[in-house]
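Single-structure report; data block below.
Throughout, read-outs are computed from the coordinates displayed, never taken from laboratory work. Quantities reported herein were computed from a predicted structural model and do not represent experimental measurements. Heads up, the Cβs are rebuilt from the backbone with ideal geometry, glycines too, and the neighbour counts pull from every protein chain shown.
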Amino acid sequence: MFGFSAILLSILILGFVTWRQTVQINHKTTAMFNTSLQVRAAIGKLESAILTIRLGAGNRMIAKNNQQKLAASQLIGIAEKDALRQFDFLKDQYPGQPTDIEESEKSFINWLISLKESAAAGSADTDQQADGSFHSINELNGFLEQLLTRLKKIDNFASDNTTAIKADSAQLSAAVNRKLLLLTTLIIAISLLISYFLSRAVRQPVRQLEDAASRFKNRRKNESCSYQSKNEFGIIAESFNSMAVEIQNTRDLNDRVATLGALMLSEYDPMKFFRVTLNTLLEYTGSQMIAVFLLSKDKKTYDHFESIGLSRSGRGSFDAICYEGELGAVLSSGKLQHIKNISENTRYTYHTVSGRFIPREIITLPVLTDNEVIAVLSLFTINNYSEQSLKLIDRISNLFCARVGGILALQKIRESLQNRESTNELPEDQQTELQPQPVVATMAIEAAENRKRGIIELSHLTDKSLQNIKLSRTGETADLIQSTSLNHDKPVVLVVEKNADNRIAVKSLLTNDYIVLEAIDSISGIKMARKHRPNLILMDMALPGTDDIEAFKRIHSNGKLHQIYIIALISNLKTSDSETILSRGADAFIAKPIDEKLFFKTINSVLYGEIDRE
């Protein structure tokens, strides 16, 4: 900032000096014009008037009549007045001694008087008058010579003054040029110095910012810029550090969400699920105590199921009908509650393994299924929850609630199956008549950077429908199988896809309007098609096992299956591939990745359009 100020100041000085010197030159030029040139012009006019007077005097002496004499006298009078005006002008403008003008004027008057006397004497006829007239002419010439000498002196002085003014102007111009050159050199020198210091001043923060950006790109821990200053680079460095912290916090949050999601999706046993989830939540949120309460079977209380930090005496139950404690607001609203700034004399006092515990903040999260709170998660801290902790809880709340609902529903299914096996309520003939089919479930997968978030929701599982449910496992994925609660009012779609994520994505699109069956290869797909006779088969064209085209032939060669529509799912679709697939028996094809609008348009066209399978 100082450097730019110095340059600006130098430019202002240069401008002022130039203006000042220009004014001086203008004054010199004006003086030259107003004094020397005008004085010399006045001298010229004065000499012209003197010549006119001499001419008039001569004409008067040789005049033959009074009229000629009168004309000569008028000419003399006019020239006399003009001469006196020039003397008045010279008195005002002459730069030399005023006595020069006064003596010249006196000589002019003496000459003029002598001239008039000489003219009067010339009109007499006597020798005495003639002799007197001759004497007057000598005096007249003396006065005239004296006058002209004085005028010459004035003219020479004016001429010398003009020369001096020219010399002064030349010197002034040279001085201006020298000063301009000096100031220009000074400005260039200052600019070079400023450029040098600026380059040094800029290079350091820029390098530090580049290093910080490189560390940030490589995801090192020390990603901040160490440069500190009150200048613009200091502001940029501070902004960069703020941005780096924000992005790092987002990265950490995403990593924690991904870790929690993976942990929650890895466990199906309620006790193991809550232990691993609560431990991780306790660490990630900075809580000192955490607990889960589940709705009892009689739906009258919320009983302690698992906790960290609570002593045995503190593991009580909460009334599900009369809302109480920190669960009261959650049960009444069905929404997450965050209680802040709890005072020391609060009723929220808990017994822990270390003694009496008074939290500073409490976060309570309800788990809802069919608008009913089936579980409650409570987190407690003696400090204040950070913004990162609150964002983490918000990000995982939906997944946590969905997983808890699914795990509790799965636990309910297992208990029902155990009761069925122990009591053996169904007759043998009824058991053989019932054919197991997959239960309808809704699943949504959201992929994000280095993480997956899965939501599994099991709904409408009544005690009656659970009587004929079996549990089987295919690979690493547990499938729920329901024999009597299948909704035959919806079309049945068999999805044959080896990739679990693609299979889940397709299933999530179809769940609301279709009954979805799943197979992971063409062999199991053919078996399920024979067994369940779906209305439509969505088949991936890169399946392990039987060749895809061979699978088409097997399905169409079966008299009971030839009416089933087949839509091929193709990655990296080419025109030649689509023509080959359609010629081998597929009714349509859908390119992957799937466009939702085109996906449903193709399915509706195949199922409800004008395709003739006869």
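3J(HN,Hα) along region 143-157: 4, 5, 5, 4, 4, 5, 5, 5, 5, 5, 4, 4, 5, 4, 5 Hz, from the Karplus curve 6.51 cos²θ - 1.76 cosθ + 1.60 with θ = phi - 60°, whole Hz, x for Gly and Pro.
Backbone phi angles across region 282-287, fed through the Karplus curve with coefficients 6.51, -1.76 and 1.60 (θ = phi - 60°), yield HN-Hα couplings of 4, 6, 6, 9, x, 6 Hz in residue order; Gly and Pro are listed as x. Computed extension gain for residue 203 through residue 382, at 0.36 nm per residue and net of the alpha carbon distance, reaches 59.7 nm. With a Förster radius of 51 Å applied to the beta-carbon distance between residue 103 and residue 178, the computed FRET efficiency rounds to 0.70. Here the Karplus relation 6.51 cos²θ - 1.76 cosθ + 1.60, evaluated at θ = phi - 60°, turns the backbone of region 268-280 into coupling constants of 10, 7, x, 5, 5, 4, 5, 5, 5, 5, 5, 4, 5 Hz, with x for every Gly and Pro.
Computed over neighbours whose Cβ is under 15 Å from that of residue 273, the net charge equals +2, Lys and Arg +1, Asp and Glu -1. A cut-off of 5 Å between modelled amide H atoms, ignoring neighbours fewer than 5 places along the same chain, links residue 511 with no other residue. Cross-link pairs exceeding 20 Å between alpha carbons, from the set 64/116; 45/106; 45/81; 272/507: 272/507. Among the listed pairs 91/166; 340/391; 300/412; 297/335, a Cα-Cα separation exceeding 20 Å is found for 91/166; 297/335.
Please give me, ordered by residue number, the trypsin sites (Lys or Arg not before Pro) of region 52-95 that lie in loop per DSSP and have at most 13 other Cβ atoms within 10 Å.
Working: sites: 54, 60, 64, 69, 81, 85, 91; in loops: 64.
Taking region 52-95 and a limit of 13 other Cβ atoms within 10 Å, the loop trypsin sites (Lys or Arg not before Pro) found are 64.
The GluC sites (Glu not before Pro) of region 225-285 that DSSP puts in a loop, and whose beta carbon has at most 16 other beta carbons within 10 Å, are 267.
In this structure, the amide hydrogen of residue 229, modeled 1.01 Å from its nitrogen in the peptide plane, lies closer than 5 angstrom to those of 234, counting only residues at least 5 positions away or on a different chain. The H on the amide N of residue 518, modeled in the peptide plane, is under 5 Å from the matching H of 495, each at least 5 residues off or on a different chain.
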